[in-house]
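As structure tokens, the structure follows; a few thoughts come after it.
The values are calculated or read from the model by the stated rules, or taken from the named source; none is laboratory data. On a predicted model such as this, the values are computed, not experimentally measured, just so you know. The protein model used for the area step is the full one, side chains on, heavy atoms only, and it has no ligands, DNA or RNA in it. Shrake-Rupley method; radii C 1.70, N 1.55, O 1.52, S 1.80 Å.
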Amino acid sequence: MRLFRKNIHGILLLMVVIIISIHIYFIHFLYHFDWSISLGEGLYGSLFICLSAWSIVLLIRSYPTTTVIYVYALTVAFAISLIATLFISESLKVGIITKNEAYKPWLHLTLPIRFVIILIFNCWVATNGALRKNISVLDTRFQQQADASILLKEAELFKLRQQLQPHFLYNSLNSISALIMIAPDSAQEMIGKLSDFLRSSVKRESEDTVPVSEELEYIQSYLDIEAVRFGDRLQINIEKSCTDDVMVPPFLLQPILENAIKFGLYGNTGIINISISIALELPMLIITVTNPYDADNQPPRGTGFGLEGINRRLYLLYARTDLLETKKDGQFFTTILKIPQRHVQSHIDRR
């Protein structure tokens, strides 16, 4: 269908040539008129058929809407076919009948047949033009809806990214406020690390995906700030078994780690260990975060944005709802994050 639409003008030209050839053949060999009459018939007929088809196309294109466009197209085709038949008849009378009187009764006899043939051809042109106009309008509407959907998706993703930082920022500023009085040097160190961290966040704001190595550097900056807050109580173990060029969406790991630190340290005065495992299991990058969990000693329920926001971002990016999983196993809480790696899989397939 797409190939037909693309070559419609060539098809129309070919049909005109075929019609002229058949016309001349019938006039000369079937009705035994001489070549001058046959060629005149063919040329006059093809000229008015082309003009009528061109007029129909222009009238349909100028139609301001697609409402009842097929009724409009068929009405135009009928009217123009009638006008074209009359013009052909009058033109042939002037150009041919004066040379051959035997042609006049034959011309009158074939007028209804001419009208039917021209009407069928023009109805085809009209319905095709109406269909193309209808498809063009639908394509435009579909593209507008697609553009609006993309803009809405990008706006929601931006909103979700903006919601990641405030909670962490509030905690950091509260910690700095407390450290200013008891440990000014630590407060100054934390301000510097927080400044670097926020600067890095701004640079990554427009990126849809980043290399996993860059994301880990960002996470390390975040953990350096948390280390100033919690000191030696916080121990993070990272195991990575993938190449540095594996891609991940930015800002996904931070809320998971923030959640793990919050639930792991709350009510716990000792050292806690949080483990991060990053492994490539095509077609997924599997990120597993495990932290201690005490069901009887939990912090007050917050906004619930962290994991829900991640799940929503993953759906917007990959149109899947199975990429985030959490489970409780005894005294441990595990968050499993799956990131599709389309570019890695396609690269391996090409090899």
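For the stretch 193-271, the share of accessible area belonging to carbon and sulfur comes to 47 percent (1.4 Å probe, ligands and nucleic acids excluded).
Using a probe of 1.4 Å, the accessible surface attributed to Thr140 totals some 70 Å² when neighbouring protein chains are kept in position. Across the protein chains, with a 1.4 Å probe defining accessible surface, the residues Arg204, Arg61 rank Arg61, Arg204 from largest area downward. Note on Cys242: accessible area is roughly 20 Å² with a 1.4 Å probe, heavy atoms of protein only. Ranked by solvent-accessible area (1.4 Å probe, protein heavy atoms only, all chains present), the residues Glu258, Glu308 order from largest to smallest as Glu308, Glu258.
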